[in-house]
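Here is the structure we will look at, set down as structure tokens.
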Amino acid sequence: MRARTGTTAHATAAAATGRRRRRIGIAAAALLSTAGALAATTTPAQAYSPNPTVSAYYRDTDSCPCSGGTLTDPFDNTYFAYDAGGYAVKLELNQGGSFVGKVEFHPNDEKLWVYDTKNDGDTFYVQVSYTSGGTGHNLGTYSAPGTDAVMDYVTKDFDIPEGAYVDISVYDDAGLTDYIGGARGTGAAIA
């Protein structure tokens, strides 16, 4: 039997420890890679089941300022300012008799307001686009921030050409596959 030359028991143990560490590192990398792949393919959870009902309230802003009536709600009510040629919309979301959110488009200054009015850990997503000169323009998808407050909201200020049709679509998921309701097409708002 040949004897090893130039090695000691200490060097052999160090080499074995190095191999173990490499194997642990490779295993950890594989585990993280698998977890990342699973997270990337997981679809967002549905916020509501069943979906909330959506009620749409429109106002011709030629005859505004407008408030009261169907624009009244338990949170901050809705007020639309005068805007010649504009058409405002308020969408109320209710589930099981509970007010869970609202979306407003104000033609004056082309502002979108998205409110989450129930601190239940759920949310909804609002996609906004407009059509002008025969061309569609996607303005993005928005949702209210999820904080511990009873009511969260986000406001977006757009630069939309006067007279453009503004489509608002409300979805139950970030992937925009579960449509809840909206104001679009012949029921669109007008900037």
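Hey, could you check the range 60-88 for residues that are aliphatic (A, V, I, L, M) and either in a loop (DSSP other than H, G, I, E, B) or open to solvent by 10 Å² or more (accessible area, probe 1.4 Å) (or both) and say which is nearest to ALA191 (Cα to Cα)?
ALA84
Would the range 107-119 turn up any residue that is among the β-branched types (Val, Ile, Thr), within 15 Å of the chain's Cα centre (by Cα), open to solvent by 30 Å² or more (accessible area, probe 1.4 Å) and farther than 29 Å from GLU162 by Cβ?
Looking for residues that are among the β-branched types (Val, Ile, Thr), within 15 Å of the chain's Cα centre (by Cα), open to solvent by 30 Å² or more (accessible area, probe 1.4 Å) and farther than 29 Å from GLU162 by Cβ, one finds none in the range 107-119, hence no.
I'm trying to understand the selection: among the residues of the range 120-161, which are closer than 13 Å to GLU110 by Cβ and charged (D, E, K, R)?
Selection gives LYS156, ASP157, ASP159.
Could you give me the residue pairs with C-beta distances under 7 Å whose first residue belongs to the range 122-137 and is more than 25 Å from VAL150 (Cα to Cα), whose second residue is open to solvent by 60 Å² or more (accessible area, probe 1.4 Å) and of a type in the set (Ser, Thr, Tyr) wherever it lies, and which are 6+ apart or on separate chains?
Short answer, once both residue conditions are applied: TYR130/TYR165; THR131/TYR165.
Condition check: among the charged types (D, E, K, R) and at pLDDT below 95. Does ASP73 satisfy that?
yes
Is it the case that some residue within the range 89-103 is at pLDDT 95 or above, open to solvent by 50 Å² or more (accessible area, probe 1.4 Å) and outside any loop (DSSP other than H, G, I, E, B)?
The answer is no, given that none of the residues of the range 89-103 is at pLDDT 95 or above, open to solvent by 50 Å² or more (accessible area, probe 1.4 Å) and outside any loop (DSSP other than H, G, I, E, B).
Select from the range 138-175 the residues that are open to solvent by 50 Å² or more (accessible area, probe 1.4 Å) and either touching an Asp or Glu at 6+ places or on another chain (Cβ under 6 Å) or hydrophobic (A, V, I, L, M, F, W, C) (or both) and write down the one among them that is modelled with the lowest pLDDT.
VAL150
Pairs under 6 Å by beta carbon, first residue farther than 18 Å from GLY140 by Cβ in the range 98-115, partner small (Gly, Ala, Ser), six or more apart or different chains?
Pairs found: PRO107/GLY86; PRO107/ALA88; PRO107/ALA191; ASN108/ALA81.
The values are calculated or read from the model by the stated rules, or taken from the named source; none is laboratory data. Because the structure is predicted, anything quoted here is derived from the model rather than measured. Positions of Cβ are backbone-derived with ideal geometry, glycine not excepted, and every protein chain shown enters the neighbour counts. Just the protein is used for accessible areas: all its heavy atoms, side chains included, with ligands, DNA and RNA removed. Shrake-Rupley method; radii C 1.70, N 1.55, O 1.52, S 1.80 Å.
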